[in-house]
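Visitor: Take this structure, written in structure tokens, and hold onto it; I'll ask about it next.
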Amino acid sequence: MKRRSFMGLLTALFALWVAAAPLQARDTGALSAAKIRQAVQEAYEKFKNDDSGKNADYIQALAKVDPKIFGISVVTRDGRVFEAGDTKAAVSIQSISKVFTASLVMRQHGAKFLQEKIGANATGLPFNSIMAIELHHGSASNPFVNAGAIQSTSWVSASDSAERWLKIKNNMDAYAGRKLPFNGEVYKSEVNDNKRNQAIAKLLDAYGRMGSDPLEATTVYTKQCSVNVTSHDLGVMGATLANHGVNPVTGERVLQEAYVPRLLAVMATAGLYDNAGDWLFATGAPAKSGVGGGLLTVIPGKLAIGVVSPPLDKYGNSVRAQKATIYIIEKLGLNPYAQ
Ligand code: GLU
């Protein structure tokens, strides 16, 4: 009797091991250090001389950034780093900041609030469209178009706009695991040229959608876009989302685990401007780009890919960043829909 139950236990353990084996093999296989290192290096070599695309110039200071900058950083959910190129060169974070402010809104008010107050749908129109707001009866549709981003900023709970900015900046710093530098030149250039964003904020206010003064919120939003990041920073920030909301370098929890899939879902829906569908078709991966030339891609539960390269395609997405990221995802078999 005793002997039989011992054999039974052995058989059960063997069955468990067999069931888990393919999973383990796939995980360690795809994510072995040597393979990641090689994919990152190859992506860098393959695209470093690709000079297609053009820096954004509707914000004057962005036109002056060195178009040759090209840095790639992969950061795994357990904090391992694999890099190539100009990984210490900084660009302004621009629209990628929208991810972190939306995260802060969820952290403070919950996911339902973000969905109901701002939205989680694609607009099918340009990121700074005023018509999109009108077509959707005053709704910004999602937190990654300018309307939804300025709205997110306005809903960050704070006693005044100075404190609101501090909370937004501290939150981005917590994701990056360091005090991110502020780019005064980009801020000055943009704050004198953000009349369209002011108009968007005023229109949303007319629809009763803003949580604080619309012009103050626009200024705070412009500040958050002017924070500098390297590909390394973007890698760590993304790895925090891949690691279910805990920064793998500092160990700090910056977002409740339950909200991470919600944020990633919005990135998948609206992360790459009007080309978000084509991006998802190619990669299956939630990502967010910015007109400074940054691209942050998250492979949920595994790793993040941060790339910086200023020249953009016609949609406003970094050309080399997209190519390098697609290469790494294909090479390592990281498309989440193919798992
Ligand atoms: N600060 C930029 C703007 O409001 C951000 C644009 C972007 O990166 O998409 O126009």
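The values are calculated or read from the model by the stated rules, or taken from the named source; none is laboratory data. Quantities reported herein were computed from a predicted structural model and do not represent experimental measurements. Every residue, glycine as well, gets a Cβ built from its backbone with ideal geometry; the counts of neighbours run over all protein chains shown.
Visitor: Quick one: in the range 146-164, of everything that is of a type in the set (A, V, I, L, M) and in a helix (DSSP H, G or I), which residue is surrounded by the fewest Cβ atoms within 10 Å (Cβ to Cβ)? Can you show your working first?
Guide: Looking only at the range 146-164, we keep the residues that are of a type in the set (A, V, I, L, M), and these are 147, 149-150, 156, 158, 162.
Filter once more, keeping what is in a helix (DSSP H, G or I): 147, 149-150, 162.
Working: ALA147: 30, ALA149: 27, ILE150: 29, ALA162: 11.
Only one residue tops the list, namely ALA162.
Yes or no, residue by residue, for (1) within 16 Å of the ligand (Cβ to nearest atom); (2) more than 23 Å from LYS223 (Cα to Cα):
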site: ASP78; (1), (2): no, yes
site: PHE82; (1), (2): no, yes
site: GLN94; (1), (2): yes, no
site: LYS98; (1), (2): yes, no
site: SER103; (1), (2): no, no
site: GLY110; (1), (2): no, yes
site: LEU114; (1), (2): no, no
site: THR123; (1), (2): yes, yes
site: PHE127; (1), (2): yes, no
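Visitor: Could you identify the single residue in LYS112, LYS98 that is at pLDDT 95 or above, of a type in the set (Lys, Arg) and surrounded by fewer than 19 Cβ atoms within 10 Å (Cβ to Cβ)? Spell out how you get there, then give the answer.
Guide: Working: LYS98 fails: surrounded by fewer than 19 Cβ atoms within 10 Å (Cβ to Cβ).
Being at pLDDT 95 or above, of a type in the set (Lys, Arg) and surrounded by fewer than 19 Cβ atoms within 10 Å (Cβ to Cβ) holds for just one of LYS112, LYS98, which is LYS112.
Visitor: Specify the residue that is surrounded by the fewest Cβ atoms within 10 Å (Cβ to Cβ); the eligible residues are those in the range 246-271 that are more than 20 Å from VAL75 (Cβ to Cβ) and polar (S, T, N, Q). Walk me through how you get there before you give the answer.
Guide: The initial filter retains those residues of the range 246-271 that are more than 20 Å from VAL75 (Cβ to Cβ), namely 256, 258-259, 262, 265-266, 269-270.
Cutting the leftovers down to polar (S, T, N, Q) gives us 256, 269.
Details: GLN256: 15, THR269: 18.
Per the stated criteria, the residue is GLN256.
Visitor: Then there's this: With respect to ASP233, determine if the residue is over 16 Å from the mean Cα position of the chain (by Cα) and among the acidic types (Asp, Glu).
Guide: Values: over 16 Å from the mean Cα position of the chain (by Cα): no; among the acidic types (Asp, Glu): yes.
So ASP233 fails the test.
Visitor: Test each condition in (1) surrounded by fewer than 24 Cβ atoms within 10 Å (Cβ to Cβ); (2) touching an Asp or Glu at 6+ places or on another chain (Cβ under 6 Å) for ASN335 and report the one that comes out false.
Guide: The single condition ASN335 does not satisfy is (2).
Visitor: Looking only at the range 165-209, which residues are within 16 Å of the ligand (Cβ to nearest atom) and not in a helix (DSSP H, G or I)? It would help to see each step written out before you state the result.
Guide: Step one: list which residues in the range 165-209 are within 16 Å of the ligand (Cβ to nearest atom), which gives 165, 168-169, 172, 180, 182-204.
If the condition is that a residue be within 16 Å of the ligand (Cβ to nearest atom) and not in a helix (DSSP H, G or I), then LEU180, PHE182, ASN183, ASN192, ASP193, ASN194 are the ones that fit.
Visitor: When the residues of the range 166-194 are narrowed to those that are surrounded by fewer than 17 Cβ atoms within 10 Å (Cβ to Cβ) and either at pLDDT below 95 or in contact with a Gly (Cβ under 8 Å, 6 or more places away or on another chain) (or both), which ends up nearest to GLU257 (Cα to Cα)?
Guide: Selected residue: VAL191.
Visitor: Examine the range 144-158 for a residue that is within 16 Å of the ligand (Cβ to nearest atom) and more than 20 Å from VAL227 (Cβ to Cβ), and state whether such a residue exists. Please lay out each step first, then the result.
Guide: In the first step, residues of the range 144-158 are kept if they are within 16 Å of the ligand (Cβ to nearest atom); the result is 144-154.
Going one step further and asking which of them are more than 20 Å from VAL227 (Cβ to Cβ), we end up with 147.
There is at least one residue in the range 144-158 that is within 16 Å of the ligand (Cβ to nearest atom) and more than 20 Å from VAL227 (Cβ to Cβ).
Visitor: Working carefully through the options ALA304, ALA285, find the one that is modelled with pLDDT of 95 or more, in contact with a Lys or Arg (Cβ under 9 Å, 6 or more places away or on another chain) and more than 30 Å from GLN60 (Cβ to Cβ). Spell out how you get there, then give the answer.
Guide: Numbers: ALA285 fails: in contact with a Lys or Arg (Cβ under 9 Å, 6 or more places away or on another chain).
Unique residue meeting the criteria: ALA304.
Visitor: Only residues in the range 245-266 that are touching a residue at least 24 places away in the same chain (Cβ under 8 Å) and among the hydroxyl-bearing types (Ser, Thr, Tyr) count as the first member; pair them with residues that are in a loop (DSSP other than H, G, I, E, B) and crowded, with 17+ Cβ neighbours inside 10 Å, Cβ under 6 angstrom, at least 6 apart or cross-chain, and list the lot.
Guide: THR250/GLY177
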